[in-house]
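Here is the structure we will look at.
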Amino acid sequence: MSELKVLLSRQQIAERVTEMAKQITADAKGEPLLFVGVLKGAAIFLSDLVRQVEVDATFEFIAVSTYGNRPTPTQELRHAWDSTGEVKLTKDVDQSLRGKNVILVEDILDTGLTLTFLKRLLQGHQPKSFRVAVLLDKPSRRKMPVEADYTGFQIPDEFVVGYGLDYAERYRNLADICVLRNGTSTNEN
Ligand code: PRP
């Protein structure tokens, strides 16, 4: 049986997102921002973040898939899964990022594989500036040397759901971020 335990409450998340929005606003120095959210997990974080940023801002979404030996969700929960390193873009941005102040928005930074791929891809558009905002960071899981410019929370290596994060597409709509346990070991998203 799966068990949910609150790791970060909706209030903790809201307070931290407000702080992040303030920092992003200060760093923008009045210039417009283009946020790029990574589907699907970042959708809720992005929507809360952009509404508190006090400069002219718009947003786009992109999507990626990781392919190779991805196990079933149950296997993901039971056994640590290491990605094969293959990331594919499945939805591109709808406008050029050239000359824009871009902020890539991710729900979670885990192995760093996705972020490494996306940084390389989006920086190829030659934006004026490029920064990364992640809500959650699992530094102990990192396989690639990549970091975010804005980090909400560093968390331990637990399987987390809620606030956009899923387990087999479930739990994305939970207002809190919860650890999901099924009585065995833990794993990444
Ligand atoms: C999650 C998350 C990142 C990626 C991070 O996406 O949104 O894109 O994994 O992992 P990494 O650092 O090991 O590359 P997921 O594949 O769960 O898709 P989702 O956002 O649609 O839930």
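For segment 114-147: of the residues being part of a helix (DSSP H, G or I) and in contact (Cβ under 8 Å) with a residue 60 or more places away in the chain, which is nearest to the ligand (Cβ to nearest atom)? Break it down stepwise before answering.
So in segment 114-147, the residues part of a helix (DSSP H, G or I) come out as 114-123, 139-141.
With the extra rule that they be in contact (Cβ under 8 Å) with a residue 60 or more places away in the chain, the set shrinks to 114, 118, 122.
Details: Thr114: 3, Leu118: 8, Leu122: 13 Å.
In this case the residue turns out to be Thr114.
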Practice item. Within segment 88-113, track down each residue that is assigned to a loop (DSSP other than H, G, I, E, B) and of a type outside the set (A, V, I, L, M). Key: Asp92, Asp94, Gln95, Ser96, Arg98, Gly99, Lys100, Asp110, Thr111, Gly112
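Only one residue in Leu46, Leu34 is in contact with a Lys or Arg (Cβ under 6 Å, 6 or more places away or on another chain) and touching a residue at least 40 places away in the same chain (Cβ under 8 Å). Which one?
Details: Leu46 fails: in contact with a Lys or Arg (Cβ under 6 Å, 6 or more places away or on another chain).
Going through Leu46, Leu34 in turn, the sole match is Leu34.
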Check your understanding: Given the residues Lys138, Lys128, which is the only one that is of a type in the set (Lys, Arg), within 28 Å of Asp27 (Cβ to Cβ), open to solvent by less than 20 Å² (accessible area, probe 1.4 Å) and out of contact with any His (no Cβ under 9 Å at 6 or more places or on another chain)?
Key -> Lys138
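Taking Phe59 as the residue in question, decide whether it is open to solvent by 70 Å² or more (accessible area, probe 1.4 Å), within 16 Å of the ligand (Cβ to nearest atom) and either part of a helix (DSSP H, G or I) or over 19 Å from Phe153 (Cα atoms) (or both). Before the answer, list the steps.
On the way: open to solvent by 70 Å² or more (accessible area, probe 1.4 Å): yes; within 16 Å of the ligand (Cβ to nearest atom): yes; either part of a helix (DSSP H, G or I) or over 19 Å from Phe153 (Cα atoms) (or both): yes.
Spelling it out, Phe59 is indeed open to solvent by 70 Å² or more (accessible area, probe 1.4 Å), within 16 Å of the ligand (Cβ to nearest atom) and either part of a helix (DSSP H, G or I) or over 19 Å from Phe153 (Cα atoms) (or both).
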Practice item. Assess whether Asp166 counts as being of a type in the set (D, E, K, R), modelled with pLDDT of 95 or more and open to solvent by 30 Å² or more (accessible area, probe 1.4 Å). Key: yes
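The values are calculated or read from the model by the stated rules, or taken from the named source; none is laboratory data. These figures come from a predicted structure and were not determined experimentally. Glycine gets a Cβ as well: all are built from the backbone with ideal geometry, and neighbour counts include every protein chain shown. Keep in mind that these areas ignore ligands, DNA and RNA; they rest on the heavy atoms of the full protein, side chains included. Shrake-Rupley method; radii C 1.70, N 1.55, O 1.52, S 1.80 Å.
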